[in-house]
Amino acid sequence: MKHIGRVLCLLVGMSFITGCWDAQNVEKINYITSIGLDYEKPYYVVYAQLMEFSSIAKQESPQGRGKALNWIGKGKGETLNLAMNDLYNTAQHRMVWSHVTAIIIGERALKQWPGSYIDALTRFREIRLTPWVFGTKQSVEEIMNAPAFFNLSPRETIAHAPAANYKQHSWILPLQYMTFLGDYYEPARTVLLPILSTNPDQWKKSGKPEAKLEWDGAFIMSGKKIKGSLKQDDLKGLRWVTGQTLRSPLKVQEKGKLLGVVSLEDPLIHIEVKNASMQPQYDLEISLQGNVVELFGNAQEKELLAAAKKTIQNEIRFTYEKGLAIHADVLQLKYALYLQHYKDWKKMSEEQLNLDKESLNDIEVQLQLLHSGMLKEKK
């Protein structure tokens with residue numbers, strides 16, 4: 001009787017188990033992997049990128065891998081949400097937005113920002129705050145269609161995975177959407193939104209040119225407005241005031257003579273605010289370390305260090321003045337004032353807060369070269 005009772009209890013318990021009645025096969029779901037935002041007056045435009053599931057899944061052997069299929073859909077609407085809903089008309093299957101890893105924003109959309117962009121993206125619970133976000137001056141669709149190497153999926157490009165590339169060549173810090181929003185709403189903070197473009201000439205596939213994505217400067221935003229954009233070379237001083245710089249090359253020369261190339265990393269930055277209650281001035285103290293990767297002529301370490309420090313100072317001031325030209329604080333000096341002297345910052349007028357060439361006072365650089373590679377420096 002005990003056994004019969006146990007069996008009956010088990011059967012009654014199993015009757016309450018619903019099972020996977022709402023399960024769906026992955027091949028019957030459209031996974032959105034990136035979103036493109038644009039504006040075509042008077043409509044908001046959204047691009048959605050779909051990838052074939054097999055091109056993302058791991059394959060045991062790359063032999064015979066066909067070209068990764070990449071689908072781009074375009075929706076239009078009077079708001080961003082309506083533009084996203086426009087895509088459902090031809091979606092064929094359920095669309096899932098929780099796998100988005102990149103957001104590409106066109107220049108026309110940035111000029112309309114925020115409009116309904118931030119509200120729609122942030123309210124929509126499927127889209128997370130972790131995707132990488134970029135701007136572009138090219139066609140958003142062209143950026144989303146840029147191929148990866150070896151017929152891999154577009155998720156293997158810097159639009160979806162910029163961190164590995166930044167570790168090897170630190171120039172403009174990649175930006176996640178949550179950091180973008182934080183900088184956008186933070187008083188006195190400047191948003192540096194990396195720009196993506198395509199380079200059609202640098203790589204060839206079987207002798208034929210194939211365009212690849214490249215970093216192409218940054219859009220500058222502050223006060224919830226776009227100030228303009230700066231090219232990649234305009235921002236060469238930015239890497240020395242970015243604490244996350246992991247590896248960046250510096251060409252060292254003195255009086256037009258090339259002395260060598262050093263690779264620098266791990267900057268420690270301190271901004272000292274002077275005369276905070278009147279017309280603020282700022283001193284930069286920067287500590288860097290690095291390695292000698294190329295050495296020319298009979299350059300000595302002392303000479304190389306002195307020239308490298310001077311080059312770093314010149315690059316920082318160059319970038320600072322490029323920012324002044326578009327009325328932007330790319331070195332985040334006013335943010336240092338906001339953090340260190342909030343009461344003074346709060347009392348100041350816009351005119352008092354404005355920066356000029358004299359606002360950036362002294363730039364002190366401490367540089368330590370840890371080693372010179374496999375070859376010893378010439379004595």
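The values are calculated or read from the model by the stated rules, or taken from the named source; none is laboratory data. This one's a predicted model, so the numbers in the text were calculated from it and none came from an experiment. For neighbour counting, all protein chains shown are included, and Cβ atoms are generated from backbone atoms with ideal geometry for every residue, glycine included. For accessibility, only protein heavy atoms count, side chains too; no ligands or nucleic acids. Shrake-Rupley method; radii C 1.70, N 1.55, O 1.52, S 1.80 Å.
For region 274-296: of the residues being aliphatic (A, V, I, L, M) and part of a loop (DSSP other than H, G, I, E, B), which is modelled with the highest pLDDT? Restricting to residues being aliphatic (A, V, I, L, M) and part of a loop (DSSP other than H, G, I, E, B), the top hit is A276. Scanning region 214-235 for residues that are more than 18 Å from E350 (Cβ to Cβ) and basic (K, R) returns a single hit, K231. Filtered by the rule that a residue be of a type in the set (K, R), within 29 Å of the chain's Cα centre (by Cα) and in a helix (DSSP H, G or I), region 328-359 gives a lone residue, K334. Criterion first (in contact with a Gly (Cβ under 8 Å, 6 or more places away or on another chain), open to solvent by 20 Å² or more (accessible area, probe 1.4 Å), of a type outside the set (D, E) and without any contact (Cβ under 8 Å) to a residue 40 or more places away in the chain) does F318 satisfy it? Answer is no for this residue. Scanning region 152-173 for residues that are polar (S, T, N, Q) and closer than 12 Å to P249 by Cα returns Q168, S170. How many of the residues making up region 259-278 are open to solvent by 70 Å² or more (accessible area, probe 1.4 Å), touching a residue at least 24 places away in the same chain (Cβ under 8 Å) and either under 33 Å from the mean Cα position of the chain (by Cα) or over 23 Å from N361 (Cα atoms) (or both)? Residues flagged as open to solvent by 70 Å² or more (accessible area, probe 1.4 Å), touching a residue at least 24 places away in the same chain (Cβ under 8 Å) and either under 33 Å from the mean Cα position of the chain (by Cα) or over 23 Å from N361 (Cα atoms) (or both) within region 259-278 amount to 2. Residues in region 297-309: is at least one assigned to a strand (DSSP E or B) and more than 30 Å from E351 (Cβ to Cβ)? Looking through region 297-309, none of the residues is assigned to a strand (DSSP E or B) and more than 30 Å from E351 (Cβ to Cβ). In the set (1) under 30 Å from Y338 (Cβ atoms); (2) surrounded by 15 or more Cβ atoms within 10 Å (Cβ to Cβ); (3) touching an Asp or Glu at 6+ places or on another chain (Cβ under 9 Å); (4) of a type in the set (A, V, I, L, M, F, W, C), V292 fails one condition alone, (1). The condition of being open to solvent by less than 40 Å² (accessible area, probe 1.4 Å) and over 21 Å from E186 (Cα atoms) does not hold for L353.
Can you pull out the residues in region 241-254 that are of a type in the set (A, V, I, L, M, F, W, C) and out of contact with any Ser or Thr (no Cβ under 8 Å at 6 or more places or on another chain)? Hit for region 241-254 is V241, nothing else.
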